[in-house]
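The values are calculated or read from the model by the stated rules, or taken from the named source; none is laboratory data. Everything numeric in this text was worked out from a predicted model, so none of it was measured. All Cβ positions, glycine included, derive from the backbone under ideal geometry; neighbour counts span all protein chains shown. Just so you know, the surface numbers come from the protein's heavy atoms only, side chains and all, with ligands and any DNA or RNA stripped out. Shrake-Rupley method; radii C 1.70, N 1.55, O 1.52, S 1.80 Å.
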Amino acid sequence: MANVNAAFGLMPVRHLSGNGYSRANVYTITSGLAENIFTGDVVIVTSDGVITPHTATEVNNIGVFGGVSYTATDGSYVYSQYWPTGTVATNIKAYVYDDPYTVFKAQSAGAPAQTNIMNCCDIVAGAGSTTTGQSGFELSGTMAASTATAKILSLYETPDNAFGTNAIMEVLINEHLLKDSAGI
């Protein structure tokens with residue numbers, strides 16, 4: 001059976017140590033930020049100490065966005081799977097899976113094979129869904145033994161997943177702000 005082409009961003013599946021799942025920590029987003037941030041998007045920390053979505057060239061990745069809560073301008077409390085572009089709010093709490101040894105699953109835009117295990121690849125920012133709040137990020141189809149955003153650990157084990165086009169892979173964020181250095 002062919003793998004389904006349905007990017008969903010990065011989703012935490014376990015901790016590299018085998019000790020359960022990582023927890024999300026709280027960061028903030030600039031009120032009025034004119035960018036959507038979806039659950040599963042890789043995020044960076046800016047020099048202002050706030051998060052924004054990862055783009056192709058960043059190495060200051062802090063983790064993966066897992067939702068947000070805030071007080072809206074009408075005083076209501078909001079919890080959302082994504083940050084809607086231009087939202088003006090206070091008490092903004094962005095939940096980020098920031099442990100550098102959290103293992104994530106993500107779809108590949110390419111056709112990974114067994115020989116790509118321990119290679120690295122970049123993350124491709126795709127369009128997320130404002131209906132579900134889910135990311136459209138996926139792994140680049142270019143995988144090599146050089147430094148890049150993600151380190152490929154294994155094929156994600158599920159009956160409907162196989163090496164090849166759009167395979168779901170287990171990865172670590174390789175270029176992570178909380179790691180001493182990125183590995184190749």
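Worth pointing out:
- Cα→Cβ-extended label distance, 7 Å offset, between T55 and R14, nm: 3.6
- Residues E175, E35 ordered from highest to lowest accessible area at a 1.4 Å probe: E35, E175.
- Reported to the nearest whole Å, the Cα centre-to-centre distance from segment 124-184 to segment 40-74 is 17.
- The gain in end-to-end length when the A127 to R23 segment is fully stretched comes to 34.9 nm, 0.36 nm per residue minus the alpha carbon separation.
- In terms of its C-alpha gyration tensor, segment 121-184 comes out oblate, because a/c is 1.5 or above while a/b does not outweigh b/c.
- Percent of Cα pairs in segment 1-55 per distance bin of 5 Å, from zero to the largest separation: 4, 14, 20, 20, 16, 14, 7, 3, 1, 0.
- The lysines within cross-link reach of K151, meaning a Cα-to-Cα straight distance under 19 Å and a gap of 8 or more places when in the same chain, are K105, K179.
- Cα gyration tensor shape of segment 16-86, rounded if a/c is under 1.5, else prolate or oblate by comparing a/b with b/c: oblate
- Here K179 sits with roughly 40 square angstrom of accessible surface, probe radius 1.4 Å.
- Whether segment 72-150 is rounded, prolate or oblate, judged on the alpha carbon gyration tensor where a/c under 1.5 counts as rounded: prolate
- Fraction of beta bridges assigned by DSSP in the chain that are antiparallel (%, nearest 5): 95
- With the convex hull of the Cα atoms taken as the outline of segment 52-99, the averaged projected area works out to 3.9 nm².
- Estimated FRET transfer efficiency (Y79, T30; beta-carbon r; R0 25 Å; 0.05): 0.85
- Working value for the chain: equivalent-ellipsoid semi-axes of 28, 17, 14 Å, each the square root of 5 times a Cα gyration tensor eigenvalue, largest first.
- T147 - accessible surface, heavy atoms, 1.4 Å probe, Å² rounded to 10: 70
- Maximal additional length on extending the A111-V4 stretch stands at 37.3 nm, based on 0.36 nm per residue less the C-alpha distance.
- Between L178 and N91, the distance separating the two model label sites (each 7 Å from Cα on the Cα→Cβ line) works out to 2.5 nm.
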